[in-house]
Amino acid sequence: MGTSKVLKKDEWLKVIEDLRKGYKVFVPTKEGDFHFFREYKDGIRPDLNFSNTRLSPKGLIYPQSERMFECPLSKDQEGAFILKESPKDFGPQLVVGIRPCDAYGFLIVKRNFDNPQYRDPWWVRRYESTTFVGLGCNEPCPTCFCNAAAGGPFGEEGLDLLMWDLGDEYLIKPITEKGSNLLAKVEGKEAQDGEIKEAESLKKESQKKMDFSFDITPLKNKAQLELFNEPYWEDVAFSCINCGTCTYLCPTCWCFDIQDEVYKNHCDRIRNWDSCMFPLFTLHGSGHNPREKKFQRVRQRFMHKLKYYVDKYGNGIQCSGCGRCVRYCPVNIDIRNVIGLMCG
Amino acid sequence: MIRYTEKIRERARELLGQGKVDVFIGYKKGTVPLMNQPVMIKRAEDVDQLLWDSNCCLNLANYLTKRTEKIGIVANGCNSRNIVIHILENQIKRDQLYILGIPCEGTIDHRAVLRAADNQELLGYSEDGKEFTIRGAGFEKTLKKEEFLRTNCKTCQHRNPVIYDELLGDPVPENTEVDPFSDVKGLETQPPEKKWSFFQNLISKCIRCYACRNACPLCYCPTCFVDESKPQWVGKSIDPIDTMTFHILRAYHCAGRCTDCGACERVCPVAIPMRQFTKKLNKDAKELFDWEAGLTLETRPLFDFYKTSDYNEFIY
Amino acid sequence: MNEWSPKITAFLCNWCTYGAADLAGVSRLQYPPNFRVIRVPCSGRVSPKFILAAFRQGADGVWVSGCHPGDCHYLEGNFYARRKFALLKGLLEHIGIEPGRLHFSWISSAEATKFVEVATKVANAVGALGPAKYLIKQRAEVA
Ligand code: SF4
Ligand code: SF4
Ligand code: SF4
Ligand code: SF4
């Protein structure tokens, strides 16, 4: 896939800045205490000196709230009551500084939104028009476990380019054709052996720092009902407050809800992220709720990620090890412990 | 505060062992520094999981709603007030509870602590009296607890539990010097457009995860207004007006009930200081009705009684 | 172009203020035409959600009126309402709804003149503020 290049940090940032001419560029930027991906407009300061963004970048492809269809609602207007697709922007996007776990997360979501039975047109078009420039993690967080769940702190899957932070410079490695075409246009010196070795050793060092691992075999082999009926779910769920933090921050949670909103003489059909932690998620029109109890909802989240997904797609767990739910669950429900329980 | 841990374990062991309670609700150490986990202990031999330190920042009354067992529970000032409210609002019965009261020395603001660590992740936390120590990759810092108190703890006027079966230590002096509402007062003098933009800004990052609502013991309605569909009071997207409506109504539903325990603010994944809504209500409740929530079982909640002489000046 | 005039949602208690409005009508007393009246069984029936709903839908002002303290048809509905409204008004004004948008009154069914007076006062106050600016739900601002 072409050769890696090495650029001084400010040179590379200049390149990114110039790329705004051809792309809608998204960069991590610090707001208050945390980082968020924001469109790189004037006034936004990209900050690649970060551990990870508070919210995963999933919203760049799959916005939390998205207008799908719309129609006028008064008889005398043309097209009244006939839903039409809302105008959308599918122009080229460039996401710079995405962490390997989050890029891998998109591949997990892709299995749901882009498969032979079902293709989500908007997710697919946005994903395909996006180029992902990853930033490997020299210092993985103690709560991250991408090494066990995904491709590790310098994992390449799901990325078009991967950057290594070499101190004053970035080494930029092309992963896909898309990435390599982009990099080819960038002026910069080719990476030398020494730099490549340094990058390799950064990767090894970083991987060594990650201590959580598990073997997926029991998750595959145990029967769904066996796991479903385990006695530990009530205890796992005790502290849970059934908020949307874990699912909304997660790069791989994909569930949504569709709502019609009427404003004056206009109807919008909007889809919003939803969360299996909310009772409303499964509430039937009849008033019956098959997941009425908290522990059932907590169990669903983990069974989905760690069993149903595993069985359905045969491609690992529905988790990329980004560690967000571990860090930000307000009551410290730690998915690593649940993996331990389910594998035990 | 750590000194309470031993006493809690000891008493929980006895209470469970003697069958005085069926379960015991407290905190255990979490897997992430600064994050403790609420836990329900069922067997005397498990009590050594229990712990009390300056990171016990949630509200355990939240875990009592409609439970049927006999429950032992730890409660500091604010938590005990929410237990009172729970009893008054028939969410739990007084005689179901055995409350171990904790005179509280305040709890710490984990965001401020992380800021002091340049927002790097921590590997360890320990505390010793008025100081605590944090440890991360390549650094260790000892900090003064006093400087890292949560904002609600800084102005807390009821650190001693208001209801308990036993008190685990001598009462601590109450902090009556500070004005809990100086921030509210500051904003009150602003013109409407400033206030509106202040609150718009305040909630601009909200992702409607409802952690603030769910962490609060006051929010136990079987169907929350945000989930009602006939009529639908508020849209479900992250439209700023819908988000604002959510926050106004969430806060208002806590009117006359909020103890300023800060659980809502503590749990927000994007650090929204939504107590600015409830604090205004608390201030008005105090000024107009001389009311503070959850101080006694003897009076009905603020909106459940009235006086003919109530504040009337705003009505023509 | 039409000159702007305020739209005000009025929640009037069936047992008093609504009657006062009627009486004002039959007595041919003039009052401003800015009100969209919603008849409620008691001021205590007016949930804060109703008031927010009115503002969300673009009301320039909201007026709630019930029976004088002690005269409630249900004995004490207005006493409970008074506490609720006191805190609600404070909160809404704290987040930026201008003082002068939200009004409360006690008007008995015999007080047609008071009705006219208060209606005029409310209409003038809201009118002076101009069209509502905040908390108006528009088409969803989403991606
Ligand atoms: S596991 Fe944690 S983050 Fe997820 S719903 Fe429960 S309390 Fe919220
Ligand atoms: S609010 Fe008061 S009682 Fe509650 S934790 Fe803070 S200091 Fe303790
Ligand atoms: S609103 Fe917040 S501060 Fe008030 S009782 Fe609820 S959780 Fe505590
Ligand atoms: S916890 Fe924070 S992000 Fe979640 S709904 Fe509350 S304010 Fe919004």
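Among the residues in the stretch A:297-319, are any facing another protein chain (nearest Cβ under 10 Å) and either at pLDDT 95 or above or away from ligand 3 (no atom under 16 Å from the Cβ) (or both)? Within the stretch A:297-319, none of the residues are facing another protein chain (nearest Cβ under 10 Å) and either at pLDDT 95 or above or away from ligand 3 (no atom under 16 Å from the Cβ) (or both). Residues of the stretch B:284-307 include none that is under 27 Å from A:Tyr328 (Cβ atoms) and away from ligand 2 (no atom under 16 Å from the Cβ).
The condition of being away from ligand 4 (no atom under 16 Å from the Cβ) and within 13 Å of chain A (Cβ to nearest Cβ) holds for only one of B:Pro273, B:Pro240, B:Pro222, that being B:Pro222.
In this structure, is B:Pro192 modelled with pLDDT of 95 or more, more than 27 Å from A:Cys240 (Cβ to Cβ) and surrounded by 12 or more Cβ atoms within 10 Å (Cβ to Cβ)? So B:Pro192 passes the test.
Residue count for the stretch B:247-301, restricted to those that are assigned to a loop (DSSP other than H, G, I, E, B), closer than 23 Å to B:Asp227 by Cβ and within 16 Å of ligand 1 (Cβ to nearest atom): 4. Of all residues being in contact with a strand residue (DSSP E or B) (Cβ under 8 Å, 6 or more places away or on another chain) and more than 14 Å from chain A (Cβ to nearest Cβ) in the stretch B:108-132, which is nearest to ligand 3 (Cβ to nearest atom)? Just the residue, please. Checking each candidate, the answer is B:Ile108. Considering A:Trp233, A:Trp254, the condition of being within 27 Å of the chain's Cα centre (by Cα) and within 14 Å of chain B (Cβ to nearest Cβ) is satisfied by A:Trp233 alone. Cβ-Cβ distances below 8 Å connect the following pairs, each with a first residue in the stretch B:134-152 that is within 17 Å of B:Gly106 (Cβ to Cβ), a second residue that is in a strand (DSSP E or B) and within 12 Å of ligand 2 (Cβ to nearest atom), and a separation of six or more residues or different chains: B:Lys145/B:Ile108; B:Phe148/B:Ile108; B:Leu149/B:Ile108; B:Arg150/B:Ile108. A count restricted to the stretch C:71-88 and to residues that are touching a helix residue (DSSP H, G or I) at 6+ places or on another chain (Cβ under 9 Å), part of a loop (DSSP other than H, G, I, E, B) and either of a type outside the set (Ser, Thr, Tyr) or at the interface with chain B (Cβ under 10 Å from one of its Cβ atoms) (or both) stands at 3. Among the basic types (Lys, Arg) and either touching a helix residue (DSSP H, G or I) at 6+ places or on another chain (Cβ under 6 Å) or within 10 Å of chain B (Cβ to nearest Cβ) (or both): does that describe A:Lys294? Yes: the conditions hold for A:Lys294.
Do the conditions hold for C:Gly58, that is, is it outside any helix (DSSP H, G or I) and at the interface with another protein chain (Cβ under 10 Å from one of its Cβ atoms)? When the stated conditions are applied, C:Gly58 passes them.
For the condition at pLDDT 95 or above and either farther than 22 Å from B:Thr308 by Cβ or within 11 Å of chain B (Cβ to nearest Cβ) (or both), C:Ser65 qualifies.
Does the stretch C:42-56 include one or more residues that are modelled with pLDDT of 95 or more, of a type in the set (S, T, N, Q) and over 12 Å from the mean Cα position of the chain (by Cα)? Yes, the conditions are met somewhere in the stretch C:42-56. In the stretch B:209-218 there is no residue matching the filter, namely being more than 22 Å from the chain's Cα centre (by Cα) and either among the charged types (D, E, K, R) or closer than 28 Å to A:Tyr248 by Cβ (or both). Does the stretch B:222-232 contain at least one residue that is surrounded by fewer than 21 Cβ atoms within 10 Å (Cβ to Cβ), more than 25 Å from A:His284 (Cα to Cα), more than 16 Å from ligand 1 (Cβ to nearest atom) and not hydroxyl-bearing (Ser, Thr, Tyr)? Among the residues of the stretch B:222-232, not one is surrounded by fewer than 21 Cβ atoms within 10 Å (Cβ to Cβ), more than 25 Å from A:His284 (Cα to Cα), more than 16 Å from ligand 1 (Cβ to nearest atom) and not hydroxyl-bearing (Ser, Thr, Tyr), which makes the answer no. Residues in the stretch B:254-270 that are more than 9 Å from ligand 3 (Cβ to nearest atom) and away from chain A (no Cβ under 12 Å): 2 in all. When the stretch A:175-185 is filtered for residues that are under 24 Å from A:Gly151 (Cβ atoms) and touching a residue at least 40 places away in the same chain (Cβ under 8 Å), the ones remaining, listed by number, are A:Ile175, A:Thr176, A:Glu177, A:Lys178, A:Gly179, A:Ser180, A:Leu182, A:Leu183. If I ask for residues that are within 12 Å of chain B (Cβ to nearest Cβ) and over 22 Å from A:Glu230 (Cα atoms), which ones from the stretch A:279-291 would you list? Hits for the stretch A:279-291 are A:Leu280, A:Phe281, A:Leu283, A:Gly285, A:Gly287.
Inclusion of B:Arg257 among residues that are closer than 15 Å to A:Gly244 by Cβ, basic (Lys, Arg) and either out of contact with any His (no Cβ under 6 Å at 6 or more places or on another chain) or surrounded by fewer than 19 Cβ atoms within 10 Å (Cβ to Cβ) (or both) is not warranted. Applying a threshold of 6 Å to beta carbon distances and a minimum spacing of six or more residues, or different chains, the list of pairs starting in the stretch A:283-308 at a residue that is among the aromatic types (Phe, Trp, Tyr) and ending at one that is more than 12 Å from ligand 1 (Cβ to nearest atom) and assigned to a helix (DSSP H, G or I) reads A:Phe295/A:Trp233; A:Phe295/A:Glu234. Where strands (runs of 3 or more DSSP E) sit wholly within the stretch A:1-42, those with at least 3 residues that are more than 26 Å from the chain's Cα centre (by Cα) occupy A:5-8. Of the residues making up the stretch B:258-273, one or more are away from ligand 2 (no atom under 16 Å from the Cβ), of a type in the set (A, V, I, L, M, F, W, C), in contact (Cβ under 8 Å) with a residue 12 or more places away in the chain and in contact with an Asp or Glu (Cβ under 9 Å, 6 or more places away or on another chain). The listed residues are A:Lys197, A:Lys203, A:Lys189, and the only one of them that is farther than 30 Å from A:Asp311 by Cα and either under 23 Å from the mean Cα position of the chain (by Cα) or not assigned by TED's automatic domain parsing to the domain that holds A:Cys146 (or both) turns out to be A:Lys203. Sort out which residues of the stretch B:191-239 are in a loop (DSSP other than H, G, I, E, B) and of a type in the set (Lys, Arg), and write them in order of number. The answer is B:Lys205, B:Arg208, B:Lys230, B:Lys236.
Of the residues making up the stretch B:133-160, those that are within 16 Å of ligand 3 (Cβ to nearest atom), assigned to a helix (DSSP H, G or I) and among the charged types (D, E, K, R) number 1.
Considering only the stretch A:299-344, state which residues are of a type in the set (Ser, Thr, Tyr), crowded, with 19+ Cβ neighbours inside 10 Å and more than 16 Å from ligand 4 (Cβ to nearest atom). Selection gives A:Tyr309, A:Ser320.
The values are calculated or read from the model by the stated rules, or taken from the named source; none is laboratory data. It should be emphasised that the depicted structure is a prediction, and the values quoted were computed from it without experimental measurement. So basically every Cβ, Gly included, is an ideal-geometry build from the backbone, and we count neighbours across all protein chains shown.
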